[in-house]
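The block underneath contains the structure these notes are about, expressed in structure tokens.
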Amino acid sequence: MTINTQKQVIDLIKRSNKILILPSAPLDGDSLGSAVSLYIALKKLQKEATVICSEPIPELLQFLPNTKVISNRMISSGDFIITLDCKKVKIENIKSEKENDKINIIVTPKDGRLSEEDVSFSAGGIDYDLIITVDTADLTQLRDVYEKNIEIFHQVPVINIDHHISNAHFGKLNFVDIMASSTTEILLPILEELSSEEKINLIDEDIATLLLAGIITDTGSFQNANTTPKAFARAAQLISYGARQQEIIQHVYKTKQLSQLKLWGRVLSKIQVDEKHRIVWSAVSRQDFKDTESSDEQTGDIIDELMTNAPGAEIIILLKEKEDGAVSASVRTTNPSVDASKIAEAFGGGGHNQAAGFRISNMSLMDSEYKIINFLKNFQEERLGVIAEREESKIIDVESLMNQAKEAQKAQEMITNSVLPKTSEEPKQESEKPKKKTKSEEKEQTPKKEFNPKAPKEKPISGVAYRFED
Ligand SMILES: [Mn+2]
């Protein structure tokens with residue numbers, strides 16, 4: 001199925017000429033790496049390519065090659081564009097005035113003069129013949145690009161390349177591999193195949209670096225549970241293509257600004273732990289960002305920091321008060337049987353089995369926190385309640401097993417020694433269940449002539465009781 005889908009994806013790309021690449025917002029190493037690497041590759045194939053994301057490029061990722069190709073606004077087909085060539089002139093201010101039926105656009109140069117030759121006009125609306133979404137589980141994750149241009153998604157075929165378990169399969173072609181560590185991991189074989197079919201070396205050092213950045217950031221530098229053998233293999237392949245691994249590590253993991261360290265301190269000091277429900281969480285308010293002079297994106301891998309600092313926790317959650325007043329939540333689970341995407345979906349979000357996220361609008365940080373934690377407590381009570389019940393039944397099983405074993409042992413001793421037990425405990429048990437030594441039990445025991453009294457005792461030790469008590 002995958003090979004077939006890959007072939008269809010490649011064929012459709014080869015047939016298309018004006019391609020719109022859309023990464024999910026906000027941009028992360030994987031969505032940005034996927035979009036920009038695909039852009040460079042398509043350009044090499046002489047295609048007209050555009051990358052649009054309605055949210056800015058995080059400062060942390062600006063070291064990656066060619067990030068400037070990402071524009072933040074879709075030129076819709078009704079737009080009329082007035083372009084001013086500012087090569088020779090620095091602009092101080094731009095304003096527009098409506099005067100009866102006319103609009104004046106007033107451009108004030110800082111120095112020099114502008115003339116008619118510097119002005120050009122064009123009609124907007126590049127007619128795309130293909131849209132490729134990358135690292136996007138749902139079209140709404142494209143934010144404004146989708147919401148303000150919904151019609152284009154009905155008119156133009158969409159290839160959906162992604163690895164989220166919650167992917168909505170909204171594309172004409174859906175190349176969704178939930179086993180992939182990142183979208184860039186899926187892109188690598190596509191670009192390799194395109195290279196060989198088109199007889200052009202597409203994967204240069206920049207593309208390799210962008211693809212590797214996706215794998216490194218989505219696996220938390222090969223530490224998260226999604227780090228598969230394939231992720232390692234593809235990463236190794238990319239390094240052999242010339243990916244600058246050290247550059248990625250240096251920028252993403254080893255560079256911390258003072259403001260970021262302050263913010264981390266703040267978040268870590270606000271950690272809350274619910275041991276009973278195995279939940280660990282922290283919340284960052286606008287005030288925290290202000291006090292530490294830090295920005296939203298600097299919360300980056302705090303969630304991973306929370307995880308390593310929270311032994312025993314099953315659910316780790318970080319809440320952030322966004323500039324627009326909404327609350328965003330990142331969810332991680334330390335145990336694959338706790339589905340993070342299910343938790344996120346309950347709040348209209350999505351993600352992976354052990355890493356997911358969602359947003360709550362029109363609710364304060366405190367109220368959101370209260371609501372979310374209550375939900376998680378119930379969620380955990382249901383889960384852990386079931387486990388507790390199972391545990392109980394297992395313990396009972398083990399106990400009865402031990403009793404049976406003890407009785408069997410005693411029966412065996414009586415048979416082999418042909419004497420009655422001497423200790424005070426044993427006769428008591430004998431008298432309690434004098435008729436328990438049935439024939440069938442004796443039959444079971446008799447073939448084992450060299451009965452080892454240790455054997456029945458070992459059973460519970462290696463059995464379920466200990467495993468469940470962990
Ligand atoms: Mn991803």
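Here is how the numbers come out for the structure above:
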{"quantity": "Yes/no for ILE248 being assigned by TED's automatic domain parsing to the domain that holds LEU64 and outside any loop (DSSP other than H, G, I, E, B)", "calculated": "yes"}
{"quantity": "Residue count for the stretch 322-374, restricted to those that are among the acidic types (Asp, Glu), part of a helix (DSSP H, G or I) and within 20 Å of ALA25 (Cα to Cα)", "calculated": "1"}
{"quantity": "Of the criteria (1) modelled with pLDDT of 95 or more; (2) within 16 Å of the ligand (Cβ to nearest atom); (3) of a type outside the set (Ser, Thr, Tyr); (4) under 19 Å from the mean Cα position of the chain (by Cα), which one ASN226 fails", "calculated": "(1)"}
{"quantity": "Positions within the stretch 36-59 being touching a residue at least 12 places away in the same chain (Cβ under 8 Å) and part of a loop (DSSP other than H, G, I, E, B), in sequence order", "calculated": "LEU45, LYS47, CYS53, SER54, GLU55, PRO56, ILE57, PRO58"}
{"quantity": "Residue in the stretch 170-182 that is more than 29 Å from TYR241 (Cα to Cα), of a type outside the set (Ser, Thr, Tyr), more than 16 Å from the ligand (Cβ to nearest atom) and surrounded by fewer than 21 Cβ atoms within 10 Å (Cβ to Cβ) present", "calculated": "yes"}
{"quantity": "Cβ-Cβ under 6 Å pairs, at least 6 apart or on other chains, the stretch 6-34 side in contact (Cβ under 8 Å) with a residue 12 or more places away in the chain, far side part of a loop (DSSP other than H, G, I, E, B) and of a type in the set (S, T, N, Q)", "calculated": "SER24/THR136; ALA25/SER54; ASP30/SER182; SER31/SER24"}
{"quantity": "Residue in the stretch 143-164 that is farthest from VAL36 (Cα to Cα), counting only those that are away from the ligand (no atom under 13 Å from the Cβ) and hydrophobic (A, V, I, L, M, F, W, C)", "calculated": "ILE150"}
{"quantity": "Failed item in (1) surrounded by fewer than 18 Cβ atoms within 10 Å (Cβ to Cβ); (2) on the phi < 0 side of the Ramachandran plot, with SER16 passing the rest", "calculated": "(1)"}
{"quantity": "Residue that is farthest from LEU64 (Cα to Cα) [pool: residues in the stretch 257-287 that are under 22 Å from the mean Cα position of the chain (by Cα) and not in a helix (DSSP H, G or I)]", "calculated": "ARG278"}
{"quantity": "Residue match in the stretch 31-47 (condition: at pLDDT 95 or above, farther than 23 Å from VAL156 by Cα, assigned by TED's automatic domain parsing to the domain that holds ASN149 and not basic (Lys, Arg))", "calculated": "yes"}
{"quantity": "Considering residues of the stretch 18-52 that are closer than 19 Å to ASN167 by Cα and charged (D, E, K, R) only, the residue nearest to the ligand (Cβ to nearest atom)", "calculated": "ASP30"}
{"quantity": "Criterion violated by SER221 - all others in (1) more than 16 Å from the ligand (Cβ to nearest atom); (2) part of a loop (DSSP other than H, G, I, E, B); (3) not hydrophobic (A, V, I, L, M, F, W, C) satisfied", "calculated": "(1)"}
{"quantity": "Test set (1) in a helix (DSSP H, G or I); (2) more than 16 Å from the ligand (Cβ to nearest atom); (3) small (Gly, Ala, Ser); (4) closer than 30 Å to THR136 by Cβ - GLY214 fails condition number", "calculated": "(2)"}
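Here's the yes/no breakdown for (1) closer than 20 Å to ALA355 by Cβ; (2) hydrophobic (A, V, I, L, M, F, W, C); (3) away from the ligand (no atom under 14 Å from the Cβ); (4) not in a strand (DSSP E or B):
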residue: ASN104; (1), (2), (3), (4): no, no, yes, no
residue: THR108; (1), (2), (3), (4): no, no, yes, no
residue: GLU117; (1), (2), (3), (4): no, no, yes, yes
residue: ILE131; (1), (2), (3), (4): no, yes, yes, no
residue: GLN141; (1), (2), (3), (4): yes, no, no, yes
residue: SER166; (1), (2), (3), (4): yes, no, no, yes
residue: ILE186; (1), (2), (3), (4): yes, yes, no, yes
residue: ASN201; (1), (2), (3), (4): no, no, yes, yes
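The values are calculated or read from the model by the stated rules, or taken from the named source; none is laboratory data. In this text the structure is predicted, and so the values were computed from the model without any measurement. Ideal geometry is used to build each Cβ from the backbone, glycine not excepted, and the neighbour counts take in all protein chains shown.
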